[in-house]
Structure formats: structure tokens, C-alpha cells
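A short worksheet on the structure shown next.
Computed from the coordinates by the stated procedures, all read-outs in this text should not be read as laboratory data. Treat the numbers as computed from the prediction; the structure is a model and nothing was measured. Here Cβ is always computed from backbone atoms with ideal geometry, including for glycine, and neighbour counts include all displayed protein chains.
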């Protein structure tokens, strides 16, 4: 788990309320990931996140989303169903709460989702200059835009497209998981760039599954221990999306446009 010194201090001081030897506890936690996992499941951490408005000034996004994913796993274990969005206002119950929680039981998938969510707290862009005839053109690509990543991938050979396919899967999962109401909205929003293909949740899910599967087959995925994670996200995209829907609606409804760079 990729946490900073400030993250560890936040966890220890929040959870170990009956002790004062915080530095000693931090040293123990560094060498015992199972012990750290138990602390991250402590309800006091989640409650503190919900109380503190400026929490991202104190801890890393990765720790924030790890705690929220763990809390979602606990609550989903107790709930028989999730609510599936149908249009802008309707919700229908789907009895898959334990299945969604089961996906979050996997530490590698949970860690990947925390890292993926963290990556959307800032946006990176790339600018290319190219010549067409006698004219020189300038084109900027955003790593928040599915079509930009697809177009950028076509500038390189097939064997170098792993990071683009992976990012396209992340974009699909992030938008349908955290901002489903804007994905489904027929009205213009800051998430839809002018001239881009309009995709609903179904279209994003289908394309996200495809690019995650493609990414999982690359050697880079295997070398970075992501092959199995990406393949499972491809096979269980709907469950992963619902875990993010749960977080979006239950925990961060009023923070989404301040925590994420859109």
C-alpha cells in the first residue's frame, strides 16, 4: 500500500486513541501490512474523513480512497442489493450487494481502484505538433478524455498501446462509477467535450471491458502484476462500477467536483 508518512501518522493518531507512542506504532505498521489493514478498517478513520472538510490537505488521495473502498465493502456485505440507475431519476434494486463486496475483498483490485481514483484528482495533457502539407498543426490530448486517448494510441505501434488502453478503461470506469448522472444526462455538461462521441453507461461499459481486456494481455501488464487485475476488471466491470456508484452516492456526493479535476 503506497502511503506517505503523513498518511501513516493520520491513521495511527486516529485509531490508536489509547496510546501516545505514535512513532513506535508507525514503525510496527511499516513492517506488518496485515496490522495496517486492520487499522484501515477501523470505523474511526471513516468517521473522521466524513467530518473533516479539508481532508485532502492532510492525507494522500490514495489513502482517502482506500478507506472509502474498505467502508463500502463493509456496508455492501450487509446489504442484499445495489440500486441500478435507469435514466436520470429511476433506480431499480439488483440483488448483487455481496458480489460487489466480494470483488472489493481482493486487495490488488481494491488497491488498483484507489490508485485509479487518485489519478483523476489531477489532469495531465500532451501537446503534439505535426505537419500536414505546408501547414503545421498543434493538437492537445487530455488523459481525462476517452477519445483523446484512443486517438493518441493510434500514433504508436500496436505493441506500445498498453498505457493508452489501460487509461481508456480507467476513464470508462471512473465516469460511469463516479459521475453516472452526467454520463446519462442528455444535456451538455463539463464532462462532455464539444464534438465528442456521446456515450451512455452501456457504451462506456462495453468499450471499457474491451480495452481492459486488451491491456491485460500486454507484457507490461504482467511485469507490473496488473494482468490479472485488469482481466478481472474486464470480466467484472459492472461490479467495479457499482462499488464506485456506492461511494459516489453515499460518501462523496458533495465533494466530487472539488476532489476531482474535470
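General remarks:
- For the range 35-143, the relative contact order comes to 20 percent (Cα pairs under 8 Å, sequence separation of at least 6).
- In the chain, the longest principal axis of the Cα atoms and the axis of helix 22-31 are about 60 degrees apart.
- Extension gain (nm, one decimal) between residue 228 and residue 105, 0.36 nm per residue minus Cα-Cα: 42.8 nm
- Derived from the Cα gyration tensor, the three semi-axes of the equivalent ellipsoid of the range 16-166 are 39, 24, 16 Å, largest first.
- Degrees, to the nearest 10: 237-250 long Cα axis against longest axis of the chain: 60 degrees
- Rounded to the nearest 10 degrees, the angle from helix 107-119 to the longest Cα principal axis of the chain is 60 degrees.
- Largest-first ellipsoid semi-axes for the range 1-59, taking √(5λ) over the Cα gyration tensor eigenvalues, angstrom: 18, 12, 11
- Its Cα gyration tensor gives the range 125-259 an equivalent ellipsoid, and the semi-axes of that ellipsoid, as √(5λ) in whole Å with the largest first, are 26, 22, 12.
- Maximal additional length on extending the residue 77-residue 38 stretch stands at 12.3 nm, based on 0.36 nm per residue less the C-alpha distance.
- Between residue 159 and residue 50, the contour length at 0.36 nm per residue exceeds the alpha carbon distance by 34.9 nm.
- The chain: calculated mean residue ellipticity at 222 nm from DSSP helix runs of at least 4, using -39500 (n - 2.57): -17500 deg cm²/dmol
- For the pair residue 4 and residue 31, label points projected 7 Å from Cα toward Cβ lie 2.6 nm apart.
- Distance between modelled label sites at residue 258 and residue 23, nm, 7 Å Cα→Cβ extension: 3.5 nm
- Largest first, the three principal axis extents of the alpha carbons in the chain are 72, 41, 34 Å in whole numbers.
- Inter-label distance, nm, simple model (7 Å from Cα along the C-beta direction), residue 134/residue 92: 6.1 nm
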